[in-house]
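*Asks:* Sending over a structure as structure tokens; questions will come in a sec.
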Amino acid sequence: KMIITTILVWLSVVCKSQETKIDLSSQWKFSTGDSLQWAEPAYIDSHWLTLKPAIKWNQQNVSYSGFAWYRYKVTISRGILNSSALKDTLAIRLGKIDDYDQVFLNGKFIGENGTTTSYPSMTFNHGSTCRNVPREYKLAANDPRINWDRKNVIAIRVFGNHGGGGLYSDPFFIKAADLTRYVSIDYQSSDFDFNSPTSVSKTMKLLNSSRIVSYNGQWTYQVVNEETGQTVVSKSTSLNLLPNASLPVTCSFSVNPDSVYVLKYSFVENQTGTAVSAKQEVPYILSPEPGLAPQINYPRLYGARPNSPFLFTIPASGEKPMRYSAKGLPQGLVLDATRGIISGKAGKAGVYKVKFDVTNRHGHSSETIVFKIGDTLALTPPMGWNTYYPWRIAIKEKHITDAAEAFMSKALPSHGYSYINLDEGWEGTRDNDGILQPNKNFPDMKKLADFVHNCGLKIGIYSSPGPLCCGGNVGSYQYEEIDPKTWADWGIDYLKYDLCSYESKVMKDHSLTETQKPFLVMHEALKKVNRDIVYSLCQYGLNDVWKWGPAVGGNLWRTTRDINDVWEMVCRIGFEQQAQLYPFAKRGHWNDPDMLVVGWNGGVKKLRPSRLTPSEQYTYISLWSLLSAPLIVGGDVTRLNDFTTRLLTNDEVISIDQDTLGIQARRIIKNGTIQIWQKPLSNGSWAVGIFNLGETFSVTKVNWSDLQLPENLKVFDVWRKKPLGSFFENFTAKIPSHGVILLKVYSN
């Protein structure tokens, strides 16, 4: 017995010494509500629910918004340090969170995930980019908050909003920190470079933040075909990563433009075999380059009020110079024949079918654009750009002028983009007459508006019905009559009106009447100015704004909180929250699921390329176009690369968004990770989006009968602008992970 006992003890010690990770993925205790006592180790939680940590609470039959807590009891063995070269740091990995959290170990605070340190008040910026990202908390091995070789209690205080939230996504574990404490791969500060359609390179930085430790290891990168799983490129080289060093590394390879590839890269340290790794989907450009011959694009329906200043740029692509002509312009409007800009004032209400002709040395294009002079603006969803996601509230005049010039250099107006919109950050103080003056970063707002108008573009502005805007700048509360007059004098064409502090400081309650009131007040004021100002309601979908937005004059209304460039967020907002809103979109009144966070964004101090994969970005733009959503770009347009430019300027895709029927797509099929959305178009065809929300490449057969479509259809690949032929009864789509096949289908 003594021998057996000795062996068992020895095995226990060996197993402990070899243990590298403590799994935390089993069920956690969970309770809705809020009490800081629930962080204490002695608290008895046996009566709480049990939930899986990798799945949000609303997916486990808990429908709840507000504070909730998770608790987990675990013994932390010192043996996990033995396999680490560092042995000085413990890492606790807790998946992702929706929306925000505080984490406690044995009753002591160890970290938080959100945009503010003002816990426990939990006053969040709901546009945080901290939501939905992997969370890891590190503690020194000698930290007194750790109970080594004894029971520990991890408690997580969570705030979840809109009926769902909590912990989700793998992995959940405790392990010793390794070289990843110091070594990282910076791949977000640079784009992929295309030397040709088939030749790609990507330069990133291998970083060592340790001031004393150097690492020798192997840098390896592989290029894998996503559909076949075949590795088409694999290269490796030895590197010596010195202390406090930044070492550039370049991956160069060739690709087939018709395939989707993933670039995998890693640094493996020689002594311990520990790896730092990451992967990225390689951008693939589906849209053909625009031709040199003229082509009149979209929108082809435009609304304006009689006797208001009129500005419209003919959306025509092709090699410059081009000549423009028009037949049937409303009286009072003038066409600049060399720039394609129409200005003036339309004196008489009516519907005018204007035939435009555009010519250059390669040919000509003729199309009819309908001008409807009446009382409804935004007859198709607005297209443009907004300052918020790249610059937050630190905006300057130069951001606006640079964006307008970038619009021109990238020919975005040729594809229908027309608004340059300021978000919060332009506001200064009110003068003795109550007129809100811009701050020092905007010395002359009228001059700025004139500059934008001279480019053939329109300019938008931002305010709040509250005394303060979301970032603390002055709002329009009690100055609703004055501000629209000021904006009209400056030449403003678009207003984003953000609820912000009105909700907490002015609203008596969340009744429908109280929710509508501030937006109705501004609507009445806007009607009194002699300027067309598109009215964008930003109040996050409260009280089903889509049902009453038109009644308060809204041309568009936010249906959700702020978006960000995280796949889970795009899915939640796009696929979950918009599916039932199709009855409420129509010409002049649009559901707005927020901006297109593509290209470089992330805030003025940390601009980076979008975290969405190329396939996810194709899905994003495709779904927004099917939804008849405003196409307002949220990235830095001065840094548009070829991929993002082609993503934003495919006229076949834009034609779906700008279709004159103004009907929002419906989700017809939801089968596991496959969703199919369908939208009728004004020419009698249908737009069909086949989406793969799964993690692997999918081959999906679509039966026309399931979509209630005719049996024999012609099929057109929208992104590739390519006819695919006639298909009887069904169509088979090959779709990358998180990707889309966007089609137009026609009766034969």
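*Asks:* Anything in the range 310-335 that is in contact with a helix residue (DSSP H, G or I) (Cβ under 9 Å, 6 or more places away or on another chain), assigned to a strand (DSSP E or B) and either farther than 23 Å from D450 by Cβ or open to solvent by 50 Å² or more (accessible area, probe 1.4 Å) (or both)? List them, or say none.
*Replies:* A316, S317
*Asks:* While we're on this one: Do the conditions hold for Y72, that is, is it under 18 Å from I146 (Cα atoms), over 30 Å from the mean Cα position of the chain (by Cα), modelled with pLDDT of 95 or more and not in a strand (DSSP E or B)? If you could, list the steps in order and put the result at the bottom.
*Replies:* On the way: under 18 Å from I146 (Cα atoms): yes; over 30 Å from the mean Cα position of the chain (by Cα): yes; modelled with pLDDT of 95 or more: yes; not in a strand (DSSP E or B): no.
Spelling it out, it is not the case that Y72 is under 18 Å from I146 (Cα atoms), over 30 Å from the mean Cα position of the chain (by Cα), modelled with pLDDT of 95 or more and not in a strand (DSSP E or B).
*Asks:* Do you know which residues across the range 24-35 are in a loop (DSSP other than H, G, I, E, B), open to solvent by less than 40 Å² (accessible area, probe 1.4 Å) and more than 15 Å from F67 (Cα to Cα)?
*Replies:* L24
For (1) within 26 Å of I459 (Cβ to Cβ); (2) in contact with a Leu (Cβ under 8 Å, 6 or more places away or on another chain); (3) in a helix (DSSP H, G or I); (4) open to solvent by 10 Å² or more (accessible area, probe 1.4 Å), each residue gets a yes or a no:
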| residue | (1), (2), (3), (4) |
| --- | --- |
| N530 | yes, no, no, yes |
| Y535 | yes, yes, no, no |
| N543 | no, yes, no, yes |
| D562 | yes, no, no, yes |
| E568 | no, no, yes, yes |
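*Asks:* Is there any pair linking a residue in the range 453-476 that is over 20 Å from R392 (Cα atoms) to one that is open to solvent by less than 10 Å² (accessible area, probe 1.4 Å) and of a type in the set (G, A, S), with Cβ under 7 Å and at least six apart or on different chains, and which?
*Replies:* What qualifies is H453/G491; C455/A404; L457/A404.
*Asks:* Are there strands (runs of 3 or more DSSP E) fully within the range 336-397 with at least 2 residues that are of a type outside the set (D, E, K, R) and within 30 Å of K606 (Cβ to Cβ)? List them.
*Replies:* 383-386
*Asks:* Any idea which of (1) closer than 21 Å to S737 by Cα; (2) open to solvent by 70 Å² or more (accessible area, probe 1.4 Å); (3) in a strand (DSSP E or B) is the one N240 doesn't satisfy?
*Replies:* Checking N240 against (1) closer than 21 Å to S737 by Cα; (2) open to solvent by 70 Å² or more (accessible area, probe 1.4 Å); (3) in a strand (DSSP E or B), the one that fails is (1).
*Asks:* Being touching a residue at least 24 places away in the same chain (Cβ under 8 Å), closer than 26 Å to V282 by Cα and open to solvent by less than 10 Å² (accessible area, probe 1.4 Å) narrows it down to one residue among G588, G574, G554, G549; which is it?
*Replies:* It is G574.
*Asks:* State all residues of the range 494-512 that are assigned to a loop (DSSP other than H, G, I, E, B) and in contact with a Pro (Cβ under 9 Å, 6 or more places away or on another chain); if no residue qualifies, say none.
*Replies:* L499, C500, V506, M507
*Asks:* In addition: Within the range 330-365, can you find the residues that are without any contact (Cβ under 8 Å) to a residue 40 or more places away in the chain and either touching a Leu at 6+ places or on another chain (Cβ under 9 Å) or of a type in the set (S, T, N, Q) (or both)?
*Replies:* If the condition is that a residue be without any contact (Cβ under 8 Å) to a residue 40 or more places away in the chain and either touching a Leu at 6+ places or on another chain (Cβ under 9 Å) or of a type in the set (S, T, N, Q) (or both), then Q331, L335, T338, I342, S343, G344, K345, Y352, V354 are the ones that fit.
*Asks:* Going through K440, K446 one at a time, which residue ends up being in a helix (DSSP H, G or I) and open to solvent by 10 Å² or more (accessible area, probe 1.4 Å)?
*Replies:* One residue alone meets the criteria, K446.
One line per residue, one yes/no per condition, for (1) over 16 Å from the mean Cα position of the chain (by Cα); (2) of a type in the set (S, T, N, Q); (3) surrounded by fewer than 23 Cβ atoms within 10 Å (Cβ to Cβ):
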{"residue": "T613", "(1), (2), (3)": "no, yes, yes"}
{"residue": "S625", "(1), (2), (3)": "no, yes, no"}
{"residue": "G635", "(1), (2), (3)": "no, no, no"}
{"residue": "T644", "(1), (2), (3)": "no, yes, no"}
{"residue": "L648", "(1), (2), (3)": "no, no, no"}
{"residue": "V653", "(1), (2), (3)": "yes, no, no"}
{"residue": "Q658", "(1), (2), (3)": "yes, yes, no"}
{"residue": "I663", "(1), (2), (3)": "yes, no, yes"}
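*Asks:* Consider D143 carefully, then state whether it is farther than 25 Å from N61 by Cα, assigned to a strand (DSSP E or B) and among the acidic types (D, E).
*Replies:* No, not satisfied.
*Asks:* Residues being loosely packed, with under 15 Cβ neighbours inside 10 Å and in a strand (DSSP E or B): count how many of those fall in the range 686-718.
*Replies:* Matching residues across the range 686-718 total 4.
*Asks:* Please go through the range 519-528 and give me each residue that is open to solvent by less than 10 Å² (accessible area, probe 1.4 Å) and in contact with a strand residue (DSSP E or B) (Cβ under 8 Å, 6 or more places away or on another chain), ordered by number. Don't jump to the end; show me each part of the working.
*Replies:* Of the residues in the range 519-528, the ones open to solvent by less than 10 Å² (accessible area, probe 1.4 Å) are 519, 522, 525.
Answer for the range 519-528, where residues must be open to solvent by less than 10 Å² (accessible area, probe 1.4 Å) and in contact with a strand residue (DSSP E or B) (Cβ under 8 Å, 6 or more places away or on another chain): F519, M522.
*Asks:* Right, here's the next one. Please go through the range 475-493 and give me each residue that is touching a Leu at 6+ places or on another chain (Cβ under 6 Å) and not in a helix (DSSP H, G or I), ordered by number.
*Replies:* Once the filter is applied, which keeps residues that are touching a Leu at 6+ places or on another chain (Cβ under 6 Å) and not in a helix (DSSP H, G or I), the range 475-493 yields only G475.
*Asks:* Follow-up question, since we're still on this one. (1) open to solvent by less than 20 Å² (accessible area, probe 1.4 Å); (2) of a type in the set (F, W, Y); (3) closer than 30 Å to S698 by Cβ: which one isn't true of F194, the others all being true?
*Replies:* For F194, the failing item is (1).
*Asks:* List every residue pair whose Cβ atoms sit under 9 Å apart, with the two residues 6 or more apart in sequence or on different chains, where the first one lies in the range 413-436 and is part of a loop (DSSP other than H, G, I, E, B) and the second, anywhere, is open to solvent by 20 Å² or more (accessible area, probe 1.4 Å) and acidic (D, E).
*Replies:* W426/E397
*Asks:* Quick one: would you say Y582 is of a type in the set (F, W, Y), touching a Leu at 6+ places or on another chain (Cβ under 9 Å), open to solvent by 10 Å² or more (accessible area, probe 1.4 Å) and within 27 Å of L379 (Cα to Cα)? Give the steps one after another, and end with the answer.
*Replies:* On the way: of a type in the set (F, W, Y): yes; touching a Leu at 6+ places or on another chain (Cβ under 9 Å): yes; open to solvent by 10 Å² or more (accessible area, probe 1.4 Å): yes; within 27 Å of L379 (Cα to Cα): yes.
Taking the combined requirement at face value, the residue satisfies it.
*Asks:* For residues in the range 36-63 being farther than 28 Å from N147 by Cα and in contact with a Gly (Cβ under 7 Å, 6 or more places away or on another chain), which is least open to solvent (accessible area, probe 1.4 Å)?
*Replies:* W57
*Asks:* With respect to I656, determine if the residue is β-branched (V, I, T), over 29 Å from G549 (Cβ atoms) and modelled with pLDDT of 95 or more.
*Replies:* no
*Asks:* Then there's this: Just for the range 599-611: of the residues that are touching a Leu at 6+ places or on another chain (Cβ under 9 Å) and buried (at least 24 other Cβ atoms within 10 Å of the Cβ), which one is nearest to N641 (Cα to Cα)?
*Replies:* Only one residue tops the list, namely G599.
The values are calculated or read from the model by the stated rules, or taken from the named source; none is laboratory data. It should be emphasised that the depicted structure is a prediction, and the values quoted were computed from it without experimental measurement. Note that each Cβ is placed from the backbone with ideal geometry, even for glycine, and that neighbours are counted across all protein chains shown. Surface accessibility is based on the protein's heavy atoms, side chains included, excluding ligands, DNA and RNA. Shrake-Rupley method; radii C 1.70, N 1.55, O 1.52, S 1.80 Å.
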